[in-house]
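Notes to accompany the following structure.
The values are calculated or read from the model by the stated rules, or taken from the named source; none is laboratory data. These numbers come from a predicted model, not from an experiment. All Cβ positions, glycine included, derive from the backbone under ideal geometry; neighbour counts span all protein chains shown. We work out accessible area using only protein heavy atoms, side chains counted, and drop any ligands, DNA or RNA first. Shrake-Rupley method; radii C 1.70, N 1.55, O 1.52, S 1.80 Å.
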Amino acid sequence: MSDSASTSGDLDGTDAERAARRDRAVRAAVGQGLLGPDAPIVGLLDVTGIRESAAALRAAFEAVTAPGTPVLHAFAVKASPLVPVLRLLHEEGIGAEVASPGELALARAAGVPAERTVLDSPAKTPGELREALALGIAVNADNPQELERIDGLMAERASGSPLGIRVNPQVGGGSIEALSTATATSKFGVALRDEGAREWVVRAYLDRPWLTRLHAHTGSQGIPLTLMAEGAAATYTLAEEINERAGRRQVDTLDIGGGLPVNFASDETTPTYAEYARVLRGAVPGLFDGRYGLVTEFGRSLLAKHGTVVARVEYAKSAGGRPVAVTHAGVQVATRTVYAPGAWPLRIAAYDGKGVPKAGPDVVQDVAGPACFAGDLLAAGRALPLLEQGDHAAALDTGAYYFAHHYAYNSLARPGVYGFVAEGSEGVAFATVREAQTVEEIVAEAGGERVTALTDAMRRAGAGDS
Ligand SMILES: *Cc1c(COP(=O)(O)O)cnc(C)c1O
């Protein structure tokens, strides 16, 4: 777990270079004052690494699809809802999968065009659907009631939006219950193995010539590749059945979702997109023969390994014989890890006061966050070089679903997020992706301009009552 573990060993070149870039960025963040006593926590994003992952995704599918097959890789915006990140991915040929009005607005702000955007969510309002259809954004209907709403909108005004239905192939869950989307009772999509459901789906297509896509998202952290491939296979088989019964190629595009798991245990990228694409091709060759366009929706696997939270060690103490480093990174940036440490362990790297990797010996210690509850620990009983006051603790692989997903416990401020690239042989250039939240902003967002809303205003209303 110490830094030497992250930069040595038998990593391949890309992974080793990424680990080396991270060390360099941490040192530069301290050296350039992004991180210091008054800015005790930052999120760092490796721009080079993000570009490499996007390129690896594109190449993996190019290697297995027939030439000319349209493939849209739509980044699941929920994994990193930051406009400059969406813009970077857009520049790398990656679109956006959105699941709320906020996410759609972020994708549009980043300049992602409608035809490269897909809307999936289990709770779309009529207004959201209307907007998506007006913009020409692809929509996957989650359930029969939503399809009825779309029927109504299509009757009002034809739309150029590619439309489909989300199905749940019910192939089973993975090791993390809360993230398993394809269980028998998952809340997502039309449960395909329920009685009558398959026939309902087929009829829905036969009755609506404008339904041309079919969607399933069965993967996630903790799901094996073979199970993901089973989900894709079930979707493909259903599309074949619909097309057979329609007597034409009505379903022309399959959206196979995202959910490639990420290795949080080391710097090794595993599984890779190339492996997944090969597994898919082995399991469902018809998916790649050019008869279907493809949409993918990867989130975590595109970003996780390119983000690092770095926090100062404010105090180093000892309790019950165990050293405890009290840092500025806890539940506000690593919510899942703090509340479900068994499912979401994070690697912690120790850096000294200058941001240089600390050398061993490893000492078993707790790495705590700043929030006022006992369980606010980034890591418990972790062996790493002893963290001392003024050192830095880095939570690795936190580029998706971590520091971009602030949790406002204790009114802790959202940390600044900075992208970095290497500059010259030694330097690092940073760009601000998101400013750190100020205490003035915290007050304003907490109703600071409505100080008397519950006192004076309510008194006036009460007086009017009598
Ligand atoms: C969350 C989600 C994704 C992305 O999942 P990752 O595990 O981050 O790759 C893709 N599609 C849908 C519909 C989702 O809800």
Label-point gap, in nm, between D207 and T438 - each point 7 angstrom along Cα→Cβ: 5.6
Peptide ranges 454-460, 244-250, 159-165 listed from the most packed, as the mean C-beta count within 10 angstrom indicates: 159-165, 244-250, 454-460
Any residue on another chain or 5+ positions along whose placed amide H is under 5 Å from the amide H of V190 is listed here as R166, V167, N168
Debye, to nearest 20: dipole size of the chain, +1 on Lys, Arg Cβ, -1 on Asp, Glu Cβ: 280
Rg(Cα) / (2.2 N^0.38 Å) computed for the stretch 115-166, rounded to two decimals: 0.97
If you take the charge dipole of the chain about its Cα centre, with +1 on Lys and Arg Cβ and -1 on Asp and Glu Cβ, which of V433, L192, A76 is farthest toward its positive end? L192
Once Rh for the stretch 8-132 is found with the Kirkwood sum over Cα pairs, what is the Stokes-Einstein diffusion coefficient at 20 °C and 1.002 mPa s, in µm²/s? 127
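Tell me what the chain gives for mean residue ellipticity at 222 nm when only DSSP H runs of n ≥ 4 count, each as -39,500 (n - 2.57), the sum divided by the residue total, rounded to 500 deg cm²/dmol. Don't jump to the answer; show the numbers that get you there.
On the way: 14 runs with 153 residues, N = 466.
Dividing the helical sum by the residues of the chain leaves -10000 deg cm²/dmol.
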Residue by residue, what Karplus-based ³J(HN,Hα) values in Hz, rounded to whole numbers, does the stretch 259-276 have, using 6.51, -1.76 and 1.60 with θ = phi - 60° and x for Gly and Pro? x, 5, x, 10, 7, 8, 8, 7, 7, 6, 7, 7, x, 9, 4, 4, 4, 4
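On the accessible surface of the stretch 47-301, probed at 1.4 Å, how many percent belong to carbon and sulfur atoms? Before the final figure, lay out each step's value.
Working: 5150 of 9810 Å².
Carbon and sulfur together cover 53 percent of it.
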Once you treat every alpha carbon in the chain as an equal point and sum by Debye, what is log10 I(q)/I(0) at q = 0.08, 0.11 Å⁻¹? -0.52, -0.91
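Using DSSP, restrict attention to beta bridges with both residues in the chain and report what percent are antiparallel, rounded to the nearest 5.
Details: 34 of 68 bridges.
If we restrict to bridges inside the chain, about 50 percent are antiparallel.
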By how many nm would the segment from D252 to A319 lengthen if fully extended, with 0.36 nm per residue of separation less the alpha-carbon distance? 17.9 nm
Would you mind listing how long the stretch 187-289 runs along its three principal axes, going by Cα atoms, in whole Å with the largest first? 50, 32, 20
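Percent relative contact order of the stretch 47-301, based on C-alpha pairs within less than 8 angstrom and at least six residues apart? Could you put the intermediate results ahead of the total?
Details: 495 pairs, mean separation 53.6, N = 255.
With pairs under 8 Å counted, the relative contact order is 21 percent.
Enter the mean projected area of the convex hull around the alpha-carbon atoms of the stretch 47-301, in nm², rounded to one decimal. Display every interim value, and only then the final one.
Values: hull surface 50.9 nm².
One quarter of the hull surface, i.e. the mean projection, equals 12.7 nm².
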Once the cut-off is 16 Å, how many percent of the Cα-Cα pairs in the stretch 366-466 end up in the long-distance tail? 75
To the nearest 10 degrees, how steeply does helix 144-156 sit against the main Cα axis of the chain, on a 0 to 90 scale? 70
Calculated on alpha-carbon atoms, Rg and Dmax of the stretch 218-349 in Å: 21.0, 73
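Quick check for you: with a 1.4 Å probe and neighbouring chains kept, what is the accessible area per residue of the chain, in Å²? Before the final figure, lay out each step's value.
Values: 19550 Å² over 466 residues.
Value returned for the chain: 42 Å² of accessible area per residue.
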